[in-house]
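*Asks:* One structure, pasted below without further comment.
The values are calculated or read from the model by the stated rules, or taken from the named source; none is laboratory data. Just so it is clear, the model here is predicted, and its values are computed rather than measured. A quick note on method: Cβ atoms are made from the backbone with ideal geometry, for glycine too, and the neighbour counts reach across all protein chains shown. Surface areas here come from the heavy atoms of the whole protein model, side chains and all, with no ligands, DNA or RNA. Shrake-Rupley method; radii C 1.70, N 1.55, O 1.52, S 1.80 Å.
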Amino acid sequence: ALHQLLGDDHFALAGHGFRRRQPPTQASIRWFGEGFSGYLAETAPFSDCPAIAELARFEWALRHTIDAADARRIETQNLQAVAPEQWHGLLFDLHPSLQLLSLDWNVPFIWQALMDEQTPPAPERMPQTWLVYREPDRVSAWRSVEEAEASALTYLAAGNAFGALCERLWSESGDAEMAVGRAAVWLRTWVEQGLLTVRATADAH
């Protein structure tokens, strides 16, 4: 998509400039583009349009979903087998393919238009967090999330139990029923999309 957006000449200019500044350090070309978005963000004329660097970040995140390590995903039936007294201490890991990507521009829509061979929209500021991941059927996917959901995923990934997340939401809202309901809806969505793996059960408090 970045190649299509820049055209042959500007893409070649960017690629050769990046190669000179950051020569490959590994035998595999797989990791060569890891710092490309940073190079574009600080190098004129590409830095004049911040959406260019963000498009490179988005494409790199999609690339990661293809060959990220796999892990056994939790499924609905796994949760159904959890005893009530175990829910408070249930711990989760995020699937290795999942990334939380904070973007300031509408680059996912630019990317999609280019992939569909349509005229892309003009760059537009659109601060948003995106989940980029590999679905259970091995298809790359992404969706936008509100700050609260992104924060909840980060909280669980840091080693906090599901019960602690519910308590945190309760403290923020002052409504225990709403907090548990919100966490349950998120959990169902995360499981359906294959975003979580089970880690362990913490000691009961």
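*Asks:* What nm value, rounded to one decimal, do you get for the distance between Q86 and I29 when each label is placed 7 Å out toward the C-beta?
*Replies:* Once both label points are built, they end up 4.8 nm from each other.
*Asks:* Follow-up question, since we're still on this one. Relative to the longest principal axis of the C-alpha atoms of the chain, give the angle of the C-alpha long axis of helix 2-21, reported between 0 and 90° and rounded to the nearest 10°.
*Replies:* 90
*Asks:* By how many nm would the segment from F109 to A12 grow when fully extended, if each residue of separation counts as 0.36 nm and the alpha-carbon distance is taken off?
*Replies:* Gain on stretching F109 to A12: 32.5 nm.
*Asks:* On full extension of the chain, what length is gained from V139 through T76, given 0.36 nm per residue of separation minus the C-alpha to C-alpha distance?
*Replies:* Net length gain for the segment: 20.7 nm.
*Asks:* So, one more: Select from the range 1-74 those trypsin sites (Lys or Arg not before Pro) which occupy a DSSP coil region and have at most 10 other Cβ atoms within 10 Å, ordered by residue number.
*Replies:* The qualifying sites are R72.
*Asks:* Where in the range 126-155 are there trypsin sites (Lys or Arg not before Pro) that are in a DSSP coil and have at most 12 other Cβ atoms within 10 angstrom of their Cβ?
*Replies:* R138
*Asks:* Shifting gears a bit: Exactly which GluC sites (Glu not before Pro) in the range 1-75 are in a DSSP loop and have at most 15 other Cβ atoms within 10 Å?
*Replies:* E75
*Asks:* Quick check for you: which residues of the range 48-75 have the amide N under 14 Å from the point 7 Å beyond the Cα of Q22 toward its beta carbon?
*Replies:* 53-61
*Asks:* Another question about this same structure. Can you grab the distance from the C-alpha centre of the range 125-187 to the C-alpha centre of the range 28-46, Å, no decimals?
*Replies:* 30
*Asks:* Additional query: Please tell me the relative contact order of the range 58-205 in percent, rounded to the nearest whole number, where contacts are Cα pairs under 8 Å and at least six residues apart.
*Replies:* Across the range 58-205, relative contact order equals 35 percent.
*Asks:* Further question on the same structure: Over the range 1-109, with every protein chain in place, what whole percent of the accessible area is carbon and sulfur at 1.4 Å, could you tell me?
*Replies:* 55
*Asks:* Okay, next question. Would you please give the residues with an amide H less than 5 Å from that of W105, counting only those at least 5 places away or on a separate chain, with H modeled from the backbone geometry?
*Replies:* M126
*Asks:* If you fit an axis through the alpha-carbon atoms of helix 147-157 and take the longest principal axis of the Cα set of the chain, what angle between them do you get, 0 to 90°, nearest 10?
*Replies:* Once rounded, one gets 70 degrees.
*Asks:* Right, another one. Among S171, P23, A148, which residue has its Cα furthest toward the positive end of the charge dipole of the chain, with +1 on Lys/Arg Cβ and -1 on Asp/Glu Cβ?
*Replies:* The listed residue farthest towards the positive side: P23.
*Asks:* Compute the acute angle (0 to 90°) between the alpha-carbon long axis of helix 162-173 and the principal axis of greatest extent of the alpha-carbon atoms of the chain; round to the nearest 10°.
*Replies:* On a 0 to 90 degree scale, this one is about 80.
*Asks:* What FRET efficiency, computed as 1/(1 + (r/R0)^6) with R0 = 30 Å and r the Cβ-Cβ distance, is obtained for T154 and D175, rounded to the nearest 0.05?
*Replies:* For T154 and D175, the calculated efficiency is 0.85.
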